[in-house]
1. If you stretched the chain out fully between Arg231 and Lys70, how much longer would it get, using 0.36 nm times the residue separation minus the C-alpha to C-alpha distance?
2. Identify, among Gly27, Val121, Ser200, the residue whose Cα sits farthest towards the positive end of the charge dipole of the chain, taking +1 on the Cβ of Lys and Arg and -1 on the Cβ of Asp and Glu, with the dipole about the Cα centre.
3. Which one of His24, His55, His130 has the biggest mean-square fluctuation once the chain is modelled by GNM with Cα springs under 10 Å?
4. Under the classification rounded if a/c is under 1.5, otherwise prolate if a/b is larger than b/c and oblate if not, where does the chain fall, given a ≥ b ≥ c as square roots of the Cα gyration tensor eigenvalues?
5. How much length, in nm to one decimal, is gained on full extension between Ser114 and Arg146, taken as 0.36 nm per residue of separation minus their Cα-Cα distance?
6. Work out how far the C-alpha atoms of the range 10-179 reach from end to end along every principal axis, then list the three figures in whole Å, largest first.
7. Please enumerate, by chain and number, the aspartates and glutamates with C-alpha under 15 Å from the C-alpha of Lys51, excluding those fewer than 8 residues away in the same chain.
8. Give me, ordered by chain and number, the residues 5 or more places off Ile113 or on other chains with an amide H under 5 Å from its own placed amide H.
Amino acid sequence: MTTQATTTPVIARTRDELREARTHLTGQTAVVMTMGALHEGHATLIREARKDAEHVIVTIFLNPLQFGPKEDLSKYPRTFDSDLEICREHGVDLVFAPTPDVVYPDGDPGVRISAGPLGDVLEGQSRPGHFDGMLTVVAKLMHLTRGDAFYFGQKDAQQLLLIRRMVRDIDFPARVVSVPTVREEDGLAMSSRNTYLTDSDREVALCLSRALTAGAAAAIEGPSAVRRAARAVLVREPLALIDYLVLVHPTTLQDVPEWYRGEALLAVAGRMGTTRLIDNTPVVIGPGGGRREIFSETVEPV
Ligand code: AMP
C-alpha cells in the first residue's frame, strides 16, 4: 500500500499568489483542470498525475466562457470545501481557484482560441461556442500554471481531441495525458452533473452506458451492427431524449463508413429530465475488436 501525503495544498486565488506558489514547485509539474464538484473521476486524474510528476496543481474554475446563456452555470454544484479535502487526501501541492475577474481581468476576451470545424459537430452543435470558450481557458491555464503535463478525462472525448489538436496545431510546449472514464458500479459515467439527477432520471440515464456496452459488443461485425445494437438499447428508454448516438473516427469525428476497421469512437448524448449527459467509449471495429479503455496515442485519419 502506498502512503499518501496529506499536507493541505496551498490555495492561490490570484495571479500573484499563483506565481509566488509556483516558484516553490521546482520539479516536473502535472496539472489537472476542473470546474470543481470533484468526484472519483477527478480523483483518478489526480492520482495518475501524481504517479508521473513530482508536483500536482489542480485548478478549480467554473469558466463562464464555455457556458451558453441557457446552460447551467448558475446552478452548477459548488463544493469547494470537499474539493479541497479531496485535493488534500491526494497530496495535491497547489490549488488554483480564481474568480472570473482574475482569469479575465479585461472582461470577455476579444481574442479567443477557435476550435475550428471539429468544434462545430456533436457537442458543438448543441453548445455553440462551447469549445472556443473551453480551449481559451485551457490555453490560459496552461500558460498560468506553466505545467509540464496536463491530464484530461476520456469522458469528454471531443474536448480531449480538441486540446490535443490545439497543442499540436499551435505548438504548445505541453504534454497531454488522457485518463479512462471512471464509472459508478452500475456503469453510469461519473459527472458533477449527476447530482442533478432524480432517482428516476438516474435509472433512465443508465441507458447511455448500456447502449455503449451493447454497441461495443457488436464491434467485430462492423459499424452498422454497432450502431444498431446501441440504438436498440436507447429506443427501449423513451424517457431519455437522445441528442445523438454516433460511431465516428476518433480524430476526424466523421461517421465511419461500413467498410471501416480500426479505432472508432462510440458517443452518445441525451437529456434525462432537465439534465444533459454525455458518454462515450473507444471501440475497435473488426476482427479482435471490442471496447477499449482508451485510444492508442496515434490514430491515423480515415
Ligand atoms: P470537469 O470538472 O467536468 O470539467 O472535468 C475536469 C476533468 O475531469 C476533465 O478532464 C474531465 O474529462 C475529467 N473527468 C470528468 N469526469 C470524469 C470521469 N468520469 N472519468 C474520467 N475523467 C473525468
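Where a number appears in this text, it was derived from the coordinates with a stated rule and is not lab data. All values reported here derive from a predicted model rather than from experimental measurement. Every residue, glycine among them, receives a Cβ derived from its backbone with ideal geometry; neighbour counts consider all protein chains shown.
1. Gain on stretching Arg231 to Lys70: 55.1 nm.
2. Among Gly27, Val121, Ser200, the one farthest towards the positive end of the dipole of the chain is Val121.
3. His24
4. Prolate, since a/c reaches 1.5 and a/b exceeds b/c.
5. This chain segment gains 9.4 nm when fully extended.
6. 40, 33, 32
7. Excluding near neighbours in sequence, the set is Glu89, Asp93, Asp148.
8. Under 5 Å from the amide H of Ile113: Thr136.
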